[in-house]
Each structure stands twice: as C-alpha cells, then as structure tokens.
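The values are calculated or read from the model by the stated rules, or taken from the named source; none is laboratory data. Since the model is a prediction, treat every value here as computed from it, not as a measurement. Because the Cβ atoms are built from the backbone with ideal geometry, glycine has one as well, and the counts that use them run over all protein chains shown. Accessible surface areas use protein heavy atoms only, side chains included; no ligands, DNA or RNA. Shrake-Rupley method; radii C 1.70, N 1.55, O 1.52, S 1.80 Å.
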Amino acid sequence: GAELGFTEHLFKVLVIGDHKVGKTSFVKRYVKNQFYEELKTTIGVDFSMKVIDWDSHTRVRLQLWDIAGQERLRGLNRVFFKRSSGALVVYDMTNGSTLDGALNWKHELDSQVMLKNGRPIPAVLLANKCDETKVCRRNASLLEKLCQEKGFIGWFQTSAKENINVDEAAKFLVKHILQNN
Ligand code: GDP
Ligand code: MG
C-alpha cells in the first residue's frame, strides 16, 4: 500500500563548541527561524526537535542537544554523547581561540562515540558569525586542510544572525547521517 517503504528516522545531533560562539542562536534560527541578541545562558542541555520531510518516503526527526553552560566539558559524561548520530561543532570567526576549542570538542567527541564500523560520527565544522567577518581564500584552504586532518566531513561559514548557510549546513550533515543508516 501507500505506507510501504516510508521511513522515519530519529537522529540525535550534538551542538558543541565553546561558550558564546552561537550554538543556541544557530539552533533557534534553524528550528524557529528566530534570532535573539540577548540569550540567557542556561545550565545543562537544551533539547530541540526539527522535523524534516527529506523526500516523499523519508522523514527525519532531528533531536538537537545544545550544550549550555557546561562548555568546559567538566561534568559532561557519556550520556551526553551516547547514541548520537552526528554533530555540529561551532566556533566564532571573530574569536580565534574558539577554533582551538572546536578542535578539542571534536577530539572529545571522537573519543566518546563512534559508528558501528568504528569510524567517527559525521561532524560539520561551523565558522559562525560570518556576518561580522568573512573567510578569506587563504583561511578557506586552511579550514579545508583542518577538516581533512581532524576528520570533519566539511565546514560552512554560517550566520545565525543573518540566516546564512544554516539550513545548508544542517542538510549536509543529515545527508551524511542518512548514508550511515
Ligand atoms: P552559545 O553560548 O554558544 O549558545 O552562544 P549564543 O547563541 O548564546 O550566542 C552568544 C552571542 O553571540 C549572543 O549575543 C548572540 O546574539 C551572538 N551571536 C550568535 N550567533 C551570531 C551570529 O551569527 N552573528 C552575530 N553577529 N552574533 C551572533
Ligand atoms: Mg547556549
């Protein structure tokens, strides 16, 4: 019948990175298409759900785990990482040290969770706040190289504020997650 071959997936996606890089803003933009200049920092993990009608026979429910106020990794345990299907690793283009932070997060991610075949779960590097500054060509090739070295599936410059590449980056991640399922 018509139901035949319809698949619904539920994927847990982690949104990680240093404090104030724009994780919550990215999620709010992606899920609600809203942006707030002032956001309260909450302690713990914020959960959001995004439903994507991927194609006529596939629906994806993305459960986004936005780490809040525990960006120093302390107090985080395996439960946070457990059974996650993918990750958005965010840094702030206007604050170089947050790129180091993002790489530390990627390292932690890979040490905590992997695919059944032992490969790292798909992770996308997000260079957020691109409305404030642009990735020059030289930095683009550096980021490209960094992604290959650190095992990111790709990177995007994004702006939660101006809604640049938010859907595109998420879609890219989901495409890779679906290939593993
Ligand atoms: P989090 O701690 O990583 O969750 O970061 P927030 O989402 O709370 O954002 C921290 C600050 O950066 C807030 O003042 C946001 O308004 C601001 N912010 C977030 N995303 C962007 C962006 O894309 N562009 C600009 N200009 N500011 C942003
Ligand atoms: Mg936050």
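Structure above, values below:
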{"quantity": "Candidates Ile121, Ile177, filtered to the one that is more than 17 Å from Asp92 (Cβ to Cβ), modelled with pLDDT of 95 or more, open to solvent by less than 50 Å² (accessible area, probe 1.4 Å) and in a loop (DSSP other than H, G, I, E, B)", "calculated": "Ile121"}
{"quantity": "Filtered residues of segment 144-163 (kept if free of Cβ contacts under 8 Å to residues at least 40 places away in the same chain and farther than 15 Å from Val21 by Cβ)", "calculated": "Glu144, Lys145, Cys147, Gln148, Glu149, Ile153, Gly154, Glu162"}
{"quantity": "Lone qualifier among Ala127, Ala140, Ala169 - being within 23 Å of Glu37 (Cα to Cα), of a type outside the set (Phe, Trp, Tyr) and in a helix (DSSP H, G or I)", "calculated": "Ala169"}
{"quantity": "Scope segment 79-94; condition of a type in the set (D, E, K, R) and closer than 21 Å to Gly118 by Cβ; matching residues", "calculated": "Lys82, Arg83"}
{"quantity": "Residue within segment 66-83 that is over 15 Å from the mean Cα position of the chain (by Cα), charged (D, E, K, R), within 18 Å of Asp167 (Cα to Cα) and modelled with pLDDT of 90 or more present", "calculated": "no"}
{"quantity": "Residues being surrounded by 23 or more Cβ atoms within 10 Å (Cβ to Cβ) and away from ligand 2 (no atom under 16 Å from the Cβ) - total across segment 125-136", "calculated": "2"}
{"quantity": "Selection status of Lys150, in contact with a helix residue (DSSP H, G or I) (Cβ under 8 Å, 6 or more places away or on another chain) and open to solvent by 40 Å² or more (accessible area, probe 1.4 Å)", "calculated": "yes"}
